[in-house]
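Here the structure comes first, spelled out in structure tokens, and everything after it is commentary.
The values are calculated or read from the model by the stated rules, or taken from the named source; none is laboratory data. Bear in mind the structure is a predicted one, so any value in this text is a computation, not a measurement. Here the Cβ is made from the backbone with ideal geometry for all residues, glycine too, and neighbour counts use every protein chain on show. Accessible surface areas use protein heavy atoms only, side chains included; no ligands, DNA or RNA. Shrake-Rupley method; radii C 1.70, N 1.55, O 1.52, S 1.80 Å.
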Amino acid sequence: MSLALNKPKLDNLAGDIWKSAERLRGKFKAYEYQNVILPIIVIRRLECVLIAWREKKAAEILAKRPKLTEKELAKLVKDIELNSKQCPFSNKTDWTLRKVYEEDHALLEENFRAYVNGFSPNVDDIIEHFDYRATIGKMVKNNRLAPILEQYKEREFGPDKISPLEMGYIYEELLRRFSEQSGEEAGDHFTPREVVRLMVELLDIPIPDRHFSIYDPATGTGGMLSVSKEHLLDRASTPEEKERVEQFLTVHGQELSPTNYAVCQADLLIKNDRQARVTFGNSLIPHDPHSKEPGDQWPEDKYAFNRMLSNPPFGVTWGGKDGYEAEVRKLVKTRYRAGMPRVNDGALLFLQTMLAKMIPPEQGGSRIAVIFNGSPLSNGDCGSGESEIRRWILENDWLDAIVMLPDQLFYNTGIFTYIWLLRNDKPASHRGRVMIVDARQQFEKEPKAFSFKRNRMTDDHRSWIEKRYSKGWAKGHADDHVKIFHREDFAYHKVKVVFWQTDENDQPSIVTEPYAKAFTAANVKKELDFHESEITFRATIKAGRKEKPVELTLRPGDNVARRFKDAFGEADDILSPEWTHRHYVADDEYIPHGEDVEAFLEREIAKPIIRWEDSPQLGYEILPNKYFYRYQPPTPAKELLAEFWRLEKEAEEMLKGLAQ
């Protein structure tokens, strides 16, 4: 299967479709465009498949029974079509989009609804998730049903004209444009097929000789699952191996967006893939059949998978008023026992969901490939949910490798991304170790940019990455783009330290300054507890019309409440409080695991250390950019000056030319 896209063809087609969406302006709001356009594309694509199937079946029957009348032939073909074992989906009517449009327009809505209602239950499920019947009413009310039918009634959308790969891009490009027009954040990033292929190859999926399962908890329009199976079929070198792929490989997924789910289901129907099952719902919450919001229908107490891969949407809000935090927290003692990430980024919830569905190592184990942005690598302080999740993953030795990808690979975002590879069946050479591959330069420029996608990875680039992942574990292997870490290398201590600041003569400093906080006994006690040394407070107290200065010196162990009351308790008002104290500074120091804490503090702070306290657990963060940082010396001033004068002279010549 070729991963190349015919970009001029797709540009023209997407542009034509977009023009039909723009004709809805004034009659539909921007966020409603997709409710009109995507379903009619899906219906027409399904219709193209059905028409081709009917023509082929009719030809087969006529070859055997040439004396059949046209009416008899049509009835026989329809009877076979309605048999779900003979045809993956069907329509019990004789309507097509063209026939509906060419009939009396006074009956246009009635006939079109009859056609839509005539589809088999599996297509009806798609139509329901598009909520298309409600949209038909709006199209009629706004006098847009006839123009839409006219535009799409003879469009060549069949898989023989537009491959699933090409159709996948068109769907995603339209979804991106719809999101932009409606002012929404696209959020879901269509994964370029060369990136999916890289993930699949890194997962080392075998030609199966027994049941083998693949799972994606954020299926989108189904690209990950489709490419996984296509990759295996491409690798199968004999008819027997292809048969094993078809027989033993099952793909499973779940999708929360009704539109993406509907598009994915339509693609599976067209392929007639009976070994694929995608469910609708939220993979991050438990499933309750009685709830309005369906949850995870692949629960880990019933399902586990050999391979899992996903590109979950970046920055998913799962908590607060816009989320589903109460439902997520029902799994806090099981699936999410390692920790809960911040409520505006659910990436690590997706990862924990996948980890929960691993097959035990003694039964063959599981491997995972997941795409993240930079946030899950280091967001969250020591002891936070994110850090604890990373700690749990690393201490269980599940993280195998991270691949740093080039930027501008994705259609909807230009940011750098990372493939995390995880497994619970590490071979001996991988155990206790994590590989990081710097593949940020493994790309070439797209001949023509696709939205944010200006770079692409070729077969050679993918091969470069795969070679380093497979060979980089060997003892003595040297490569500037590959680094091997022990899992403890990502750990750090968070140490709360108090040190005595020094003055300009590098002597311990004592300062006198206004007291900026509320001047209360409680706050004064906190200052004494912190400094654990003598503190003097001065203020002017006002009682009636009289004012007088008061000084209060406190030492550790003093009864602060009583002393404060004795000094200031009778005052009507306390004016201009100030205090004299040792200049102590409280700070947090992040110290790599394995370093001597006291030696680090003495070396890095170089001030008198009053006290320090380590956090009760280690923090974990992964900083790939830091590990591969290469110092680039600044351009010498002499060269910069020469370049400046060169540009100055060039500008003068240009101005002379304009004057002439």
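Cβ-Cβ distances below 6 Å connect the following pairs, each with a first residue in region 427-453 that is in contact (Cβ under 8 Å) with a residue 12 or more places away in the chain and among the aromatic types (Phe, Trp, Tyr), a second residue that is in a strand (DSSP E or B) and open to solvent by less than 10 Å² (accessible area, probe 1.4 Å), and a separation of six or more residues or different chains: Phe443/Asn455. One residue alone among His287, His252 is in contact with a Pro (Cβ under 7 Å, 6 or more places away or on another chain), without any contact (Cβ under 8 Å) to a residue 60 or more places away in the chain and not acidic (Asp, Glu), and that residue is His287. Residues of region 301-322 that are modelled with pLDDT of 90 or more and farther than 20 Å from Gly374 by Cα: Asp301, Lys302, Tyr303, Ala304, Phe305, Asn306, Arg307, Met308. May I ask you to list the residues in region 77-94 that are over 43 Å from the mean Cα position of the chain (by Cα) and open to solvent by 50 Å² or more (accessible area, probe 1.4 Å)? Once the filter is applied, which keeps residues that are over 43 Å from the mean Cα position of the chain (by Cα) and open to solvent by 50 Å² or more (accessible area, probe 1.4 Å), region 77-94 yields Asp79, Asp94.
For region 570-585, taking the residues that are assigned to a strand (DSSP E or B) and open to solvent by 70 Å² or more (accessible area, probe 1.4 Å), the one that is nearest to Tyr620 (Cα to Cα) is identified as Arg582. When Asn523 is tested against (1) free of Cβ contacts under 8 Å to residues at least 60 places away in the same chain; (2) among the polar types (S, T, N, Q); (3) in contact with a strand residue (DSSP E or B) (Cβ under 8 Å, 6 or more places away or on another chain), just one condition goes unmet, and that condition is (3).
Considered as a group, the residues in region 134-159 that are within 32 Å of the chain's Cα centre (by Cα) and either exposed (fewer than 14 other Cβ atoms within 10 Å of the Cβ) or of a type in the set (S, T, N, Q) (or both) include one that is farthest from Tyr411 (Cα to Cα), and that residue is Ala134. Checking Glu589, Glu598 one by one, the residue that is charged (D, E, K, R) and open to solvent by 50 Å² or more (accessible area, probe 1.4 Å) is Glu598 and no other. When Glu604 is tested against (1) closer than 30 Å to Pro376 by Cα; (2) surrounded by 18 or more Cβ atoms within 10 Å (Cβ to Cβ), only condition (2) is not met.
Residues that are open to solvent by less than 70 Å² (accessible area, probe 1.4 Å) and over 28 Å from the mean Cα position of the chain (by Cα) were ranked within region 22-39; the one that is farthest from Glu150 (Cα to Cα) is Phe28. Looking only at region 299-316, residues that are outside any strand (DSSP E or B) and either of a type in the set (Gly, Ala, Ser) or buried (at least 22 other Cβ atoms within 10 Å of the Cβ) (or both) come to 6 in all.
Which one is nearest to Pro592 (Cα to Cα) among residues in region 622-660 that are of a type in the set (Phe, Trp, Tyr) and in a helix (DSSP H, G or I)? Lay out the reasoning, then the answer.
At the first step, the residues of region 622-660 found to be of a type in the set (Phe, Trp, Tyr) are 627-629, 631, 644-645.
Imposing the further condition that a residue be in a helix (DSSP H, G or I) reduces the set to 627, 644-645.
On the way: Tyr627: 14, Phe644: 44, Trp645: 47 Å.
By that ranking, first place goes to Tyr627.
Restricting the first member to region 566-595 and to residues that are free of Cβ contacts under 8 Å to residues at least 12 places away in the same chain, and the second to residues that are loosely packed, with under 15 Cβ neighbours inside 10 Å and in a helix (DSSP H, G or I), no beta-carbon pair is closer than 6 Å while six or more apart or on different chains. Scanning region 445-459 for residues that are on the phi < 0 side of the Ramachandran plot, assigned to a loop (DSSP other than H, G, I, E, B) and either polar (S, T, N, Q) or modelled with pLDDT of 90 or more (or both) gives Met457, Thr458. Helices (runs of 4 or more DSSP H) fully within region 41-158 that include at least 3 residues being under 30 Å from Leu174 (Cβ atoms) and free of Cβ contacts under 8 Å to residues at least 60 places away in the same chain: 97-102, 108-117, 121-130, 132-141, 145-152.
Of all the listed residues (Ile535, Ile541), the sole one being hydrophobic (A, V, I, L, M, F, W, C) and in contact with a Ser or Thr (Cβ under 8 Å, 6 or more places away or on another chain) is Ile535.
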